[in-house]
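> Here you go, one structure.
The values are calculated or read from the model by the stated rules, or taken from the named source; none is laboratory data. Bear in mind the structure is a predicted one, so any value in this text is a computation, not a measurement. Reconstructed Cβ throughout: ideal geometry from the backbone, glycine too, with neighbour counts over all protein chains shown. Surface accessibility is based on the protein's heavy atoms, side chains included, excluding ligands, DNA and RNA. Shrake-Rupley method; radii C 1.70, N 1.55, O 1.52, S 1.80 Å.
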Amino acid sequence: MAPRGHSADDVARTALRILDDHGLPDLTMRRLATALEVQPSALYWHFPNKQSLLAELSDRIVGRMASGPAVDLVREAHALRDALLAYRDGAEVVSSTLALGLGSSLAHDRLTAAITTAGFDADTARRGATTVLHYVLGFVWHEQQRLQYDSLGAREGDSGLESEDFSFGLDLIAGGLRARGRV
């Protein structure tokens, strides 16, 4: 029997709110159950374990990037970055979920489609998408770490990585793909 009044969507939305308010280390099943006013065991009706809950959160985070057909690699990479930045520790949630082989392949699929649309073969598109995906996840993970350190006053200096730095690295990857296409 399902917990009264809470759907899987309610659990996931509440988990996203906790993630955003407190970060991944404080997103525990106990804290989530308390926020929903249920026993922790009730959460397992919808998600058999924390990893499956995180996979759902990852899918929701990455799902923010999808709109229409993927036609431009740079635009898709920026959309992924924006989606990851929308939630505290978004890059860490998505990265760890992908490392476990969980969650959807939406981000990789959209990046692959954008590279394929540019005229590259399937293998190059797949490998290029993996490279861009890892670049975006790593860049945003680092960016989110710096933002957290800044908010705690643990670091002095600029406010974090600049969007121009992200674009520069992305242009290097895209330029490498273009050069490879000419070989």
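> Go through Ser163, Ser58, Ser67 and list them by solvent-accessible area, largest first, probe radius 1.4 Å.
Ranked from most to least accessible, the order is Ser67, Ser163, Ser58.
> Could you give the accessible area per residue of segment 1-140, probe 1.4 Å, as a whole number in Å²?
Here the per-residue accessible area is 49 Å².
> Of the accessible area of the chain, with the probe set at 1.4 angstrom, what percent is carbon plus sulfur?
After summing per-atom areas, the C and S share lands at 52 percent.
> Restricting attention to segment 1-110, which GluC sites (Glu not before Pro) occupy a DSSP loop and are surrounded by at most 12 other Cβ atoms within 10 Å?
Filter output for segment 1-110: Glu37.
> For a protection proxy built on the mean count of beta-carbon atoms within 10 angstrom, sort 112-124, 130-142 highest first, please.
130-142, 112-124
> Roughly how much of Asp171 is accessible, in Å² to the nearest 10, using a 1.4 Å probe?
80
> I've got another one for you. Karplus couplings for segment 86-101 from phi (6.51 cos²θ - 1.76 cosθ + 1.60, θ = phi - 60°), rounded to Hz, Gly and Pro as x?
Those phi angles translate into 5, 10, 4, 6, x, 5, 5, 4, 5, 4, 5, 5, 5, 4, 7, x Hz.
> Could you give the size of the charge dipole of segment 31-143 about its Cα centre, using +1 on the Cβ of each K and R and -1 on the Cβ of each D and E, expressed in debye and rounded to the nearest 20?
120
> May I pose another question? Would you look at the GNM of the chain, springs on alpha carbons closer than 10 Å, and say which of Leu27, Leu73, Leu172 moves the most?
Leu172
> When Cα Rg over 2.2 N^0.38 Å is calculated directly from the model, which label among (1) 1.71; (2) 1.32; (3) 1.15 fits?
Checking each listed value against the structure points to (3).
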